[in-house]
Amino acid sequence: MPGEVIDRPNPEPLPSNVPDSVRDLAVKLDKITLPENVNASLKEFRRAACYIAAAMIFLKDNVLLERDLTFEDIKPRLLGHWGTCPGLILVYSHLNYLIRKHDLDMIFVVGPGHGAPAILASLWLEGSMERYYPQYSRNKQGLHNLISGFSTPGGLPSHINAETPGSIHEGGELGYALSVAYGAVMDKPNLVVACVVGDGEAESGPTATAWHACKYINPKESGAVIPIVHVNGFKISERTIYGCMDDKEMAALFTGYGYQCRFVEDLEDIDADMGNSLEWALREINKIQQAARYDKPISKPRWPVIILRTPKGWSGPKKVEGEFIEGSFRSHQVPLPKAKSDETQLKDLQKWLESYRADQLFAKDGSPTDNIRKIIPEKDEQKLGQNPVAHDPYRPLKLTDWQKYSVKKGGEMSCMKAIGEYLDQSLVDNPTSLRIFSPDELVSNKLDAVFRHTGRNFQWDEFSQFQGGRVIEILSEHCCQGFMQGYTLTGRVGIFPSYESFLGIIYTMMVQFAKFGKMAHEVP
Ligand SMILES: Cc1ncc(C[n+]2csc(CCOP(=O)(O)OP(=O)(O)O)c2C)c(N)n1
């Protein structure tokens, strides 16, 4: 059996038997075309970033195609993931524009961290790479270093990690992007976190449970997440579940999770579609937050989610050796795997890279053109790679003397109860920078003294909604760990009580988190 055989690129899902009335659940917007100069800048940013991302996977020299490619220009080992990059770059370009237009405080959490070329290319264009790593300056030499060093020993890694400016999420093990994004917005009322979730990642248990995270966000005290589900239809070698669900199935699913969903899928004018949809998402967030902050909170608010349908490997090679590449799983990693030894594939690579017209995107000295810079946020601290929220934001807690809570010699008390008393005071003293994330283990761990001054922040329950509350209690260790990661990597402190027998469920998450923390301390 040949495994997955597809007879056309970007196949659409089979129609479902869900009633047509469900279509009304998907948000419809009037089409508004973007101003011409914005449209042009967005497109140029994307062409430049796609060019760099593709070049990073293949080239060790001749990075601006100043002569025809030869086998010597190709890296000895081709490593990198192309398929997700065009979609990530599309999102990145629009987030830039949105931040600039609305003066936003925003960070970007990228689920498909294997799409590092997309993010590194965008970070290079906005100048965040050169800020932290002078060797990646925005000129020819810096571009050469970025492209030739990617995924080579001593160079940049193939996945997003703590060395990636602006990242708070290790992009290796899939599944946690969404919970990390939600943890980051807690107690940061002005922060918006855009979070891309791959449709493959969306099949994972941790992501499935994390959709409910919006039910633990009190819009009076916390910011908002814009989840963007990147439905490019394929994972490594098969179609995805979401890629095989039609709009009605998707709309029904996300409505049930608590969201309003907007499909972005107009491939003829994706910029207008994406631009309008992100504007809509911001408007919805604003409505929900303003209501809560002016004491008219909306019960069970319907947060926005964007379902982005793009062909996997969009703008890459269409067909190689008779097989579809663009719009198929074959674009997931290296679309031209024999580029170092096969003349035809080398020529295909040259044609592909030339299609972005790099000569129009970079000045003579290799720096990006003014047109590209026009959609990049002007202030450094608003660039996605430089927002201070993701860079060394830790402020120590105000802690009382623990000895006050100790037990007198000869006396007896549950140590957990004593800790509960101490935590109660600590939560009072740190009302916006300390939270407890608990998988229904707070009372069983005898920490319930904390409820003397606070509550559970569950917004779907009539007995706890609109009240704030420092305890997030969700029976998902994956969510607790993800929330804690997002909360702590944006400078606050989280406590995660559990029971050692069950904590093994998130063992690999903890390892990733520890690795991220260690590396973050070592980078400039
Ligand atoms: C938990 C986990 N299981 C498996 C993998 C291996 N893996 C890497 S990428 C990938 C496919 C991801 O598909 P998707 O999330 O749709 O990303 P995209 O198509 O945008 O590349 C898989 C299975 C992983 N990184 N993490």
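The values are calculated or read from the model by the stated rules, or taken from the named source; none is laboratory data. The shown structure was predicted, so the numbers you read here are calculated from the model rather than taken from an experiment. FYI the Cβ positions are ideal-geometry reconstructions off the backbone, even for glycines, and counts take in every protein chain you see. For accessibility, only protein heavy atoms count, side chains too; no ligands or nucleic acids. Shrake-Rupley method; radii C 1.70, N 1.55, O 1.52, S 1.80 Å.
Selection over region 98-140 of residues that are of a type in the set (Val, Ile, Thr) and away from the ligand (no atom under 14 Å from the Cβ) gives a count of 2.
Kindly evaluate residue 65 against the criterion of being of a type in the set (A, V, I, L, M), crowded, with 17+ Cβ neighbours inside 10 Å and touching a residue at least 24 places away in the same chain (Cβ under 8 Å).
Working: of a type in the set (A, V, I, L, M): yes; crowded, with 17+ Cβ neighbours inside 10 Å: yes; touching a residue at least 24 places away in the same chain (Cβ under 8 Å): yes.
Yes.
Listed conditions (1) farther than 20 Å from residue 278 by Cα; (2) of a type outside the set (Phe, Trp, Tyr); (3) surrounded by 24 or more Cβ atoms within 10 Å (Cβ to Cβ) are all met by residue 181, apart from (1).
I'm trying to understand the selection: among the residues of region 188-244, which are of a type in the set (Gly, Ala, Ser), in contact with a His (Cβ under 8 Å, 6 or more places away or on another chain) and buried (at least 20 other Cβ atoms within 10 Å of the Cβ)?
To start, the set of residues in region 188-244 that are of a type in the set (Gly, Ala, Ser) comprises 194, 198, 200, 202, 204-205, 208, 210, 213, 222-224, 233, 237, 243.
Those still in the list that are in contact with a His (Cβ under 8 Å, 6 or more places away or on another chain) too: 198, 205, 210, 237.
Within region 188-244, 198, 210 qualify.
Hey, any hits in region 12-23 for a residue that's polar (S, T, N, Q) and part of a helix (DSSP H, G or I)? Quick ask: steps written out before the conclusion?
Step one: filter region 12-23 for residues polar (S, T, N, Q), giving 16-17, 21.
With the extra rule that they be part of a helix (DSSP H, G or I), the set shrinks to 21.
The answer is yes; a qualifying residue exists.
Table: residues versus (1) open to solvent by less than 10 Å² (accessible area, probe 1.4 Å); (2) in a helix (DSSP H, G or I).
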{"residue": "79", "(1), (2)": "no, no"}
{"residue": "83", "(1), (2)": "yes, no"}
{"residue": "89", "(1), (2)": "yes, yes"}
{"residue": "94", "(1), (2)": "yes, yes"}
{"residue": "107", "(1), (2)": "yes, no"}
{"residue": "115", "(1), (2)": "yes, yes"}
{"residue": "121", "(1), (2)": "yes, yes"}
{"residue": "142", "(1), (2)": "yes, yes"}
{"residue": "154", "(1), (2)": "no, no"}
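Conditions first: (1) in contact with a Lys or Arg (Cβ under 9 Å, 6 or more places away or on another chain); (2) assigned to a loop (DSSP other than H, G, I, E, B). Residue 304 passes all but one, so which condition is the exception? The number of the failed condition is (2).
Conditions (1) open to solvent by 20 Å² or more (accessible area, probe 1.4 Å); (2) closer than 28 Å to residue 508 by Cα, marked per residue:
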| residue | (1), (2) |
| --- | --- |
| 395 | yes, yes |
| 402 | yes, no |
| 408 | yes, no |
| 427 | no, no |
| 446 | yes, yes |
| 450 | no, no |
| 461 | yes, no |
| 467 | yes, no |
| 474 | no, yes |
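In region 512-524, which residues are part of a helix (DSSP H, G or I) and open to solvent by less than 70 Å² (accessible area, probe 1.4 Å)? If you could, list the steps in order and put the result at the bottom.
Of the residues in region 512-524, the ones part of a helix (DSSP H, G or I) are 512-522.
Correct list: 512, 513, 514, 516, 517, 519, 520.
When residues in region 224-262 are screened for being within 16 Å of the ligand (Cβ to nearest atom), within 20 Å of the chain's Cα centre (by Cα) and in a strand (DSSP E or B), 6 of them pass.
Looking only at region 299-310, count how many residues are surrounded by 14 or more Cβ atoms within 10 Å (Cβ to Cβ) and more than 20 Å from residue 199 (Cα to Cα).
So in region 299-310, the residues surrounded by 14 or more Cβ atoms within 10 Å (Cβ to Cβ) come out as 301-310.
From what's left, more than 20 Å from residue 199 (Cα to Cα): 301-302.
Result for region 299-310: 2.
Can residue 215 be described as of a type in the set (Lys, Arg) and either outside the structural domain of residue 274 (by TED's automatic domain parsing) or within 25 Å of residue 383 (Cβ to Cβ) (or both)? Considered against the rule, which asks whether it is of a type in the set (Lys, Arg) and either outside the structural domain of residue 274 (by TED's automatic domain parsing) or within 25 Å of residue 383 (Cβ to Cβ) (or both), residue 215 comes out as no. One residue stands out among those in region 483-508 that are of a type in the set (Gly, Ala, Ser), modelled with pLDDT under 95 and part of a helix (DSSP H, G or I): the one that is least open to solvent (accessible area, probe 1.4 Å), which is 504. Applying the set (1) within 13 Å of the ligand (Cβ to nearest atom); (2) in contact with a Cys (Cβ under 7 Å, 6 or more places away or on another chain); (3) over 23 Å from residue 506 (Cα atoms) to residue 178 leaves exactly one unmet item: (3).
Of the candidates 313, 385, the single residue that is within 16 Å of the ligand (Cβ to nearest atom) and either within 30 Å of residue 170 (Cα to Cα) or of a type in the set (Phe, Trp, Tyr) (or both) is 313. Residues in region 311-352 that are surrounded by fewer than 24 Cβ atoms within 10 Å (Cβ to Cβ), of a type in the set (Val, Ile, Thr) and part of a loop (DSSP other than H, G, I, E, B): 334 only.
Of the set (1) within 16 Å of the ligand (Cβ to nearest atom); (2) over 23 Å from residue 479 (Cα atoms); (3) crowded, with 21+ Cβ neighbours inside 10 Å, all apply to residue 265 but (3).
Picking from 278, 282, which residue would you name as being in contact with a Phe, Trp or Tyr (Cβ under 9 Å, 6 or more places away or on another chain) and crowded, with 17+ Cβ neighbours inside 10 Å? Spell out the reasoning first.
Numbers: 282 fails: in contact with a Phe, Trp or Tyr (Cβ under 9 Å, 6 or more places away or on another chain).
The conditions single out 278.
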